[in-house]
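Report on the following structure.
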Amino acid sequence: MSRETILGIPASLGVGVGRSFVVPRPGRALRRHVSDREAEVERLRKAIEEGREEIERARDALVGESEVSLVLDAQLLLHSDAMLADAAYQLIRESGVGAEWAVEQTVETLSAPLRASTARYFRERAEDVAHVGRHLLRHLRGDGELTLPTSREVVLFAADLSPAEAARVFAESGLIGVVLEAGSATSHTALLARALEVPAVVGARGALDRVLSGDEVVVDGIRGRVLIGPDEEERQSADDRAGRYRAFARGLLERRAEPVATKDGVEITVRANLELPEEIELAQTHGARGVGLYRTEFLLLHRGAAPDEGAQVALYREVTEEMAPAPVVFRIFDLGGDKLPPGQRLTRGPNPAMGLRAMRLLRRRPELLRTQVRALLRAASAGDLRVMFPMIAGLADLREAKAFVRQCADELESEGVEHRVPPLGCMVEVPAAALRVSRLAAETDFLSVGTNDLVQYTLAADRTDPEVAEVASPLDPAVLTLLGQIARGAEGTALSMCGDMASDPLALPLVLGLGYRSLSVAVGSLPLVLEVVRQLDLGELEKLAAEACDADDAQAVAALVRERCGEPLGQLWREVDA
Ligand code: PEP
Ligand code: MG
């Protein structure tokens, strides 16, 4: 076992094995007073100039990498932008503070309102401003340019990197992986890592506290995992995958626009599960045919409070327009259970997964539901927007939710506000709903199976408890039998599966064999799922699924799938250690 395992966000496909090189976290600037204010302004002017020259050099060295050049051009513009520089000069002149402090304050003042925006464009600009600030601070401190040790294969660990730094060091031949504490899968640094094909894990909180420069490390940009001090077996396995994965991933991405059909020609619709608007671009480049599940509760989990109605309308519109003409299924806030905003417990109960969660919780907080439903109805004209209710247990729940939507539509009508009632569907993730699915199907426009919860409730195994992780297997014959019943019971109504079972390459043959033709999976899993689908022959899978439902237990099912599908899928399974 490795000494430490750190989980983060997979940001750039690939696996790297090497020695860590840790860039220390930048300290906060001290507030100090300067006696010669004009000399301090001059010092800052010089740092800005040096910073600009560094970006220009990085850009010139990267001819042909158009994506990277664009990012660097944006940074150059900001460096030349009078707003940032002038505000900092003014602060120095008026308050007599040091340039570092002036830069930090100016960056905070400029980026805070951008960061708070619901529009992705503005949040990204906040990140740009922060990067320029950090870049300037490095030059002010005289730290100079970041240089990697040249003697060996290096995995870079840093709190964050500016695009200029990233563009320069990612292109160095000795760099074989990157781990950042900051960032998201769509941050600029992640984009640069992908463009320059460096395996990367971002959002790896606390990574700098757990690694020392010179440690042997594995960075797994496929699973978003970092191993510090791997054992011999882990290192060997990582080495093997590192070599194979680059060619594999490139091949998959090249095929993303090709039709998604099984070997015998049955088309399968594969959409993306999203949590944040930042993921849209990745969903598109990874070949998603729409969004099958947008977990809107992340709007609250991220900020601690729901955006107001206007901000929600803007966000739902933006996502829908970006994915148009493909559909986007927004799921009503699924709060409760393990999904609660930090520091804001909306509910307390002995067993949160079985207590006030989702629609049950919103019944007690109608203002939260009302704001969201009104926003969704107002945004519905932006494209193929659809609305899905979580944790529906039966007809009463469904009818109540639909009546609430009707009531919001009437309100908007009487207020003269433009709106549309979109297609309405519900999750099938409570066994009670699964057992009566035909009745739900008769009263909905679409259904989507949430296997994460369906497995937990069917097998009485908490999805958040690692002690029962083995028990909570989607391959359990009881789960498979229920999934088969759902597929038959829902006939005539659009049915999809958005639980993680759909992205498990070992479970996917069974999902298809049980009759599911529409899937929605995590963005990072898209290329793999598309490829699994293309390798399978549906004709054989129905028989396989029937046998699996009859098997003794999950282990027997796994063995059966390995035996029957090893031929087309063995190589793919090995790539992801399934
Ligand atoms: C599920 O339960 O399978 C699902 C997709 O919803 P969540 O994981 O958000 O509970
Ligand atoms: Mg669920």
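The values are calculated or read from the model by the stated rules, or taken from the named source; none is laboratory data. Please read these numbers as outputs of a predicted model, since none were measured by experiment. For neighbour counting, all protein chains shown are included, and Cβ atoms are generated from backbone atoms with ideal geometry for every residue, glycine included. Heads up: the accessible areas ignore ligands, DNA and RNA and are worked out on the full protein's heavy atoms, side chains in. Shrake-Rupley method; radii C 1.70, N 1.55, O 1.52, S 1.80 Å.
Okay, here's what the table says:
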| quantity | calculated |
| --- | --- |
| Among the residues listed as PHE446, PHE389, the single one being within 14 Å of ligand 2 (Cβ to nearest atom) and touching a strand residue (DSSP E or B) at 6+ places or on another chain (Cβ under 9 Å) | PHE389 |
| Residue in segment 434-461 that is farthest from ligand 1 (Cβ to nearest atom), counting only those that are among the hydrophobic types (A, V, I, L, M, F, W, C) and within 11 Å of ALA490 (Cβ to Cβ) | ALA442 |
| Members of segment 327-379 found to be closer than 24 Å to ILE280 by Cα, modelled with pLDDT of 95 or more and more than 15 Å from ligand 2 (Cβ to nearest atom), listed by number | PRO327, VAL328, THR371, GLN372, VAL373, ARG374, ALA375, LEU376, LEU377, ARG378, ALA379 |
| Test: residue in segment 72-82 that is touching a helix residue (DSSP H, G or I) at 6+ places or on another chain (Cβ under 8 Å) and at pLDDT 75 or above | no |
| When residues of segment 268-289 are limited to those that are of a type in the set (S, T, N, Q) and over 12 Å from VAL319 (Cα atoms), the one least open to solvent (accessible area, probe 1.4 Å) | ASN273 |
| Filtered residue count, segment 237-284, keeping only those that are in a strand (DSSP E or B) and either in contact with a Ser or Thr (Cβ under 8 Å, 6 or more places away or on another chain) or not assigned by TED's automatic domain parsing to the domain that holds VAL529 (or both) | 5 |
| Subset of segment 408-434 [within 16 Å of ligand 2 (Cβ to nearest atom) and over 30 Å from LEU454 (Cβ atoms)] | none |
| Residues of segment 464-477 that turn out to be open to solvent by 50 Å² or more (accessible area, probe 1.4 Å) and either away from ligand 2 (no atom under 16 Å from the Cβ) or free of Cβ contacts under 8 Å to residues at least 24 places away in the same chain (or both), as a count | 6 |
| Output for segment 505-522, where each listed residue is modelled with pLDDT under 95 and more than 16 Å from ligand 2 (Cβ to nearest atom) | PRO505, LEU506 |
| Where a residue in segment 442-463 is open to solvent by 40 Å² or more (accessible area, probe 1.4 Å) and its partner, wherever it lies, is more than 8 Å from ligand 1 (Cβ to nearest atom) and assigned to a loop (DSSP other than H, G, I, E, B), with Cβ under 7 Å and at least six apart | ASP445/PRO423; TYR457/VAL430; ARG463/ALA472 |
| Pairs where the first residue, in segment 495-520, is within 11 Å of ligand 1 (Cβ to nearest atom) and the second is acidic (Asp, Glu), C-beta under 9 Å, 6+ apart | GLY499/GLU429; GLY499/ASP453 |
| Condition check for VAL437: within 14 Å of ligand 2 (Cβ to nearest atom), buried (at least 16 other Cβ atoms within 10 Å of the Cβ) and among the hydrophobic types (A, V, I, L, M, F, W, C) | no |
| Scan of segment 285-330 for residues that are among the hydroxyl-bearing types (Ser, Thr, Tyr) and assigned to a loop (DSSP other than H, G, I, E, B), ordered by number | THR296 |
| Among the residues listed as GLY292, GLY310, GLY265, the single one being surrounded by 22 or more Cβ atoms within 10 Å (Cβ to Cβ) and out of contact with any Pro (no Cβ under 6 Å at 6 or more places or on another chain) | GLY292 |
| Matching residues in segment 193-206 - criterion: being more than 17 Å from the chain's Cα centre (by Cα) and either open to solvent by less than 10 Å² (accessible area, probe 1.4 Å) or of a type in the set (S, T, N, Q) (or both) | VAL198 |
| Segment 381-400 - residue that is within 16 Å of ligand 1 (Cβ to nearest atom) and either hydrophobic (A, V, I, L, M, F, W, C) or in contact with an Asp or Glu (Cβ under 8 Å, 6 or more places away or on another chain) (or both) and, of those, most open to solvent (accessible area, probe 1.4 Å) | ARG386 |
| Count of residues meeting criterion [buried (at least 21 other Cβ atoms within 10 Å of the Cβ) and among the charged types (D, E, K, R)] in segment 313-331 | 1 |
| Which listed residue, of ALA559, ALA548, is part of a helix (DSSP H, G or I), open to solvent by less than 40 Å² (accessible area, probe 1.4 Å) and away from ligand 2 (no atom under 16 Å from the Cβ) | ALA548 |
